[in-house]
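Just so you know, all these numbers are worked out from the coordinates, no wet-lab data involved. Because the structure is a prediction, the values reported are computed rather than measured. Here the Cβ positions follow ideal geometry from the backbone for every residue, glycine too, while neighbour counts run over all protein chains shown.
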Amino acid sequence: MEALDIQPRLLLGPGPSPVPYSVRRALSEPVVGHMDPQFLAIVDHIQSMLRQVFGTSNRLTLPVSGTGSAGMETAIVNFVEPGDTVIVVVAGVFGRRIVEAVEKVGGHVVCLEVPMGEAATIGDLQHLLDHHPKTRLVAVVMAETSTGVLQPLAGWAELVHDRGALLLVDAVTALGGMPVDVDRNGFDVVFSGTQKCLSAPPGLSPFTASDRALDRLDSRRASVPSWYLDLNAFRQYWGNKRVYHHTAPISMLYGLYEALRLVLREGLDARYTRHRQVAGALWAGLEAMGMELLVDPSIRLPSVTTVKIPDGVDDMRLRQHLLEQDHIEIAGGLHSLSGKIWRIGVMGHGARLSNMIELLVALRRGMADQGRQVSSGVEAAEAIYNRGNR
Ligand SMILES: *Cc1c(COP(=O)(O)O)cnc(C)c1O
């Protein structure tokens, strides 16, 4: 067997995003025990940095061992009991996954369905809550990676709390790329992932739960139907007692430590502005090339851009051209959007003007390869970016 020799790619898909060199270096630090005082100090720092990035003072703030989906499952197995009514906003693939997870633990799902490319309104939610007064939990995806929609959530927590329910938020593609502001927004349970706007490798799921949520956990009728993802157990290690439950993924946590350190060194506001400005440049470039964006600018995510594939352009062939000729990865659409859109990540370390310029040039060449000539998007992208930076 030969030693690994991976060709690097410019990762401009919906995750994983480019991992900075210092994060990769952190991953190769010596492995020590998970009770080693050196490591326990890192654990403390990770929790404190996660609180800052989440915008919360929640005691229970920790990285779940597993990708973003493990965070989702942790949220569902701990905060949904058999027979609970759960309203789930389904505006894309990731909302649909929450439905499946709730059904697996015997929850009764009420779907708030929205066409792909659109967002739910607070009026829609109010209407459903009126019809289902026993609702115990409302689950919603803040940044729907399958459509590129940013779901507005102003006022949602007040409404949900008024009805005695909890608000669960999927912030996988939001955290580190836009404000999540858990406490200010009144979110109760929030999970994320490391490989999107935090630019660490996949493998951990930042997670936080409010005291209101923990009260719910403490008053459960049935025990949590998962051994590994039982918050009662692993909050003992991540709480002050450091009781062994499962071995902390040491190296992954080194990586997350460094990724969070970079986020806070840049500054949260500066980072969010960078994401918006680079996304704005990409949008201007794509439009200058004659392409149409899927989502209305008022609900468009900075971290994932969805653009309609021009008629007559072969999706797979173009993406293969990008990967082979330019070593750039973007993604296609999922489910009903398959073959109709491309999804371009503007995430974390990858959110730079130079990357967008490279992509715009490569896209144009890829289309020319299929006999389709379009104008350059480079100048428009640069002009919008410069205007934002003046
Ligand atoms: C990527 C993603 C997930 C799933 O995360 P994994 O790390 O792939 O398990 C969940 N929700 C959203 C919105 C995502 O973008």
### Assigned charges on the beta-carbon of Lys, Arg, Asp, Glu; the stretch 1-126 dipole about Cα centre (debye)
320 debye
### Task
Excluding residues on the same chain fewer than 8 positions from residue 308, give the lysines whose Cα lies under 16 Å from its Cα.
340
### Linear extension gain, residue 265 paired with residue 292, 0.36 nm per residue minus alpha-carbon span
6.1 nm
### Summary
In terms of the alpha carbon gyration tensor, root eigenvalues a ≥ b ≥ c, rounded if a/c is under 1.5 and otherwise prolate when a/b exceeds b/c or oblate, the stretch 254-390 is prolate
### Summary
trypsin sites (Lys or Arg not before Pro) in the stretch 200-248 lying in a DSSP loop, each with at most 11 other Cβ atoms within 10 Å of its Cβ, come to 221, 241
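I'd like to compare 153-162, 23-32, 48-57, 135-144: which one has the highest average count of other Cβ atoms within 10 Å, and what's the full order after that? Spell out each step's value before the answer.
On the way: 153-162: 16.4, 23-32: 14.6, 48-57: 18.5, 135-144: 26.1.
Ranking the peptides 153-162, 23-32, 48-57, 135-144 by packing returns 135-144, 48-57, 153-162, 23-32.
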### Summary
One finds the C-alpha centres of the stretch 181-216 and the stretch 22-65 to be spaced, in Å, by 14 Å
### Query
If amide H atoms are built 1.01 Å from N in the plane of the peptide, which residues on other chains or at least 5 residues away come under 5 Å of the amide H of residue 137?
87, 166
### Message
Can you show me the helix-derived [θ] at 222 nm for the chain, built from DSSP H runs with n ≥ 4 at -39,500 (n - 2.57) apiece and divided by the number of residues, rounded to the nearest 500.
### Response
-13000 deg cm²/dmol
### Task
Please work out how much length the chain gains when fully extended from residue 228 to residue 38, using 0.36 nm per residue of separation minus the C-alpha to C-alpha distance, in nm with one decimal.
65.9 nm
### Query
Looking at the square roots a ≥ b ≥ c of the eigenvalues of the Cα gyration tensor of the stretch 56-113, which shape do they give, rounded for a/c under 1.5, prolate if a/b is larger than b/c, or oblate?
prolate
### Task
Distance from a point 7 Å along Cα→Cβ of residue 28 to each backbone N in the stretch 231-272: keep the residues under 16 Å and list them by number.
251-252, 254-255
### Query
What percent antiparallel are the DSSP beta bridges of the chain, to the nearest 5?
50 percent
### Query
Taking Cα pairs under 8 Å and at least six residues apart, what relative contact order does the chain come out at, in percent?
23 percent
### Summary
Per the C-alpha gyration tensor (a ≥ b ≥ c, the square roots of its eigenvalues), the stretch 63-197 is rounded if a/c is under 1.5, else prolate if a/b beats b/c, else oblate; here it's rounded
### Summary
Distance in nm between residue 126 and residue 240 label points, each 7 Å along Cα→Cβ, equals 4.4 nm
### Query
What base-10 log of the normalised intensity I(q)/I(0) is obtained for the chain from the Debye formula, alpha carbons as equal point scatterers, at q = 0.08 Å⁻¹?
-0.42
### Message
For a quick check, take a GNM of the chain with Cα springs below 10 Å and name the residue from 247, 61, 121 with the largest mean-square fluctuation.
### Response
247
#### Entry: Reachable lysines, given that their alpha-carbon falls under 24 Å from the alpha-carbon of residue 104 and they are not under 8 places away in the same chain
134
